[in-house]
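Below is one structure, written out as structure tokens, with a few remarks after it.
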Amino acid sequence: MDFVRPEIKAMGGYVPGEQPKGNEAVKLNTNENPYRASEKVYAAMRQAGEVGLSRYPNAMGQPFREAAAELFDLTPDWFLCGNGSDDILTILTRTFVGAGELVRMACPSYILYKSLAEIQGAACEEIRFRDDWTLPPYFGLPADASSPDSPLRTPAPPLRLVFLPNPNSPSGTMIPQEQIAAFAKTLPCPLVVDEAYADFAPSHCVELVKSNPNIIVTRTLSKAYSLAGLRFGYLIAHPDLVYELAKVKDSYNCDAVSIAGATAALRDQAWRQENLKKILANRAVLTQRMRELGFLVPDSCANFTWNVHRDKNVSHKAIYEFLKRHGYLVRYMNYAGWGDGLRISVGTEEQTRACLALVERALNETEPVVTAHNKQ
Ligand SMILES: *Cc1c(COP(=O)(O)O)cnc(C)c1O
């Protein structure tokens with residue numbers, strides 16, 4: 001395929017989490033919400049479908065922006081809507097990053113950032129979390145070929161964009177707001193705080209956007225609003241930035257049905273609060289039991305936990321496979337040079353308890369399998 005740009009041929013492409021065909025498997029692998037979305041969302045979408053499909057939707061998703069403006073006490077021009085927050089991340093990368101320039105990201109974190117940089121023909125600088133999931137101070141400095149993580153040549157290419165998921169995936173941990181503000185002050189480019197999971201966390205960075213012109217917050221309705229199938233995300237940024245970003249998006253990047261559904265979801269905060277209570281309760285069960293079973297589990301601020309067994313002989317891969325054979329999908333993650341572990345999404349209480357029982361069985365019953373690689 002010689003027609004294809006070399007940057008595209010060189011890249012692996014983002015691989016989404018497994019989506020099993022039937023409905024048999026319990027999916028605890030992609031951090032979807034296990035509960036049904038608000039009935040108000042379904043009603044709004046039915047109505048939008050009946051009245052509006054022959055017309056183009058509002059190009060900026062204005063009804064959603066108005067709902068978001070009320071929720072965050074801002075004006076609608078601080079918001080940009082996207083076809084999922086992945087679309088928002090694409091728009092950001094295309095707006096700020098050109099070929100040969102540099103994108104920085106925390107690592108391990110969301111793998112899509114790297115693919116987006118590669119599509120632009122940009123270089124990536126992955127800055128590692130420390131063992132306790134804090135970040136080194138140079139995360140907030142201009143690109144420097146001499147920093148310990150940097151694979152850069154001298155001189156370093158210009159740093160154009162920085163991605164930081166907060167809470168992070170797979171760890172569920174957070175970087176404190178004061179440190180994020182400090183990073184933004186010393187960075188020469190926008191800092192995107194990806195708040196896909198902020199609805200489950202005790203704090204968020206929207207206030208920082210108001211006072212820091214280079215902080216951009218991204219959000220999604222996929223997780224906390226049970227709408228991963230709808231594809232709706234948004235960003236919060238200074239209106240001057242939103243104005244420029246709007247030039248880069250597809251002209252009608254959100255459809256009439258999703259705008260109606262997302263708007264109804266955001267306006268139903270009572271539903272979100274109820275849902276949050278259940279997720280937090282189930283997360284506590286998951287965290288506590290996994291710790292009892294011998295896993296190191298950082299306190300999670302999201303709707304999943306990151307689990308690494310204390311016993312180095314325990315194979316995370318074998319546990320993942322055991323769970324899969326019994327109809328439970330969790331995410332097995334293996335980061336080069338970092339290590340592996342299991343990321344488990346918070347399910348319903350019933351799913352969570354069943355998954356925990358299977359993990360316990362895997363640790364007992366599959367012991368020969370679990371330790372096989374050690375006995376050769
Ligand atoms: C799930 C996720 C997203 C993408 O959300 P969509 O709105 O479904 O595209 C973005 N960032 C992180 C860190 C995520 O985990």
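The values are calculated or read from the model by the stated rules, or taken from the named source; none is laboratory data. All figures in this text were calculated on a predicted structure; none of them were measured in a lab. Cβ coordinates were reconstructed from backbone atoms using ideal geometry, including for glycine residues, and neighbour counts include every protein chain displayed.
May I ask you to verify whether Val4 is loosely packed, with under 13 Cβ neighbours inside 10 Å, within 16 Å of the ligand (Cβ to nearest atom) and β-branched (Val, Ile, Thr)? Show your work before the answer.
On the way: loosely packed, with under 13 Cβ neighbours inside 10 Å: yes; within 16 Å of the ligand (Cβ to nearest atom): no; β-branched (Val, Ile, Thr): yes.
So Val4 does not fit the description; no.
When you go through (1) farther than 19 Å from Ala262 by Cβ; (2) surrounded by 16 or more Cβ atoms within 10 Å (Cβ to Cβ) one by one for Met45, which number turns out not to apply?
Going through (1) farther than 19 Å from Ala262 by Cβ; (2) surrounded by 16 or more Cβ atoms within 10 Å (Cβ to Cβ) one by one, Met45 breaks only (1).
Would you pick out the residues in segment 97-117 that are assigned to a strand (DSSP E or B) and more than 16 Å from the ligand (Cβ to nearest atom)? Steps first, answer last, please.
Looking only at segment 97-117, we keep the residues that are assigned to a strand (DSSP E or B), and these are 102-107.
The answer is Leu102, and nothing else.
Kindly indicate whether Arg160 is away from the ligand (no atom under 15 Å from the Cβ) and either β-branched (Val, Ile, Thr) or in a loop (DSSP other than H, G, I, E, B) (or both).
Values: away from the ligand (no atom under 15 Å from the Cβ): yes; either β-branched (Val, Ile, Thr) or in a loop (DSSP other than H, G, I, E, B) (or both): no.
It is false that Arg160 is away from the ligand (no atom under 15 Å from the Cβ) and either β-branched (Val, Ile, Thr) or in a loop (DSSP other than H, G, I, E, B) (or both).
Given (1) in contact with a helix residue (DSSP H, G or I) (Cβ under 7 Å, 6 or more places away or on another chain); (2) crowded, with 21+ Cβ neighbours inside 10 Å; (3) not aliphatic (A, V, I, L, M), where does Asn275 come up short, assuming only one miss?
Here Asn275 clears every test but (1).
Output the number of residues of segment 31-64 satisfying the condition of being modelled with pLDDT of 95 or more and either within 16 Å of the ligand (Cβ to nearest atom) or among the acidic types (Asp, Glu) (or both).
9
Output yes when any residue across segment 71-94 is in contact with a Lys or Arg (Cβ under 6 Å, 6 or more places away or on another chain), over 30 Å from Thr352 (Cα atoms), within 14 Å of the ligand (Cβ to nearest atom) and part of a helix (DSSP H, G or I), and no when none is.
Within segment 71-94, one or more residues are in contact with a Lys or Arg (Cβ under 6 Å, 6 or more places away or on another chain), over 30 Å from Thr352 (Cα atoms), within 14 Å of the ligand (Cβ to nearest atom) and part of a helix (DSSP H, G or I).
Would you tally the residues in segment 178-194 being surrounded by fewer than 23 Cβ atoms within 10 Å (Cβ to Cβ) and closer than 17 Å to Gly233 by Cα?
Number satisfying all stated conditions: 0.
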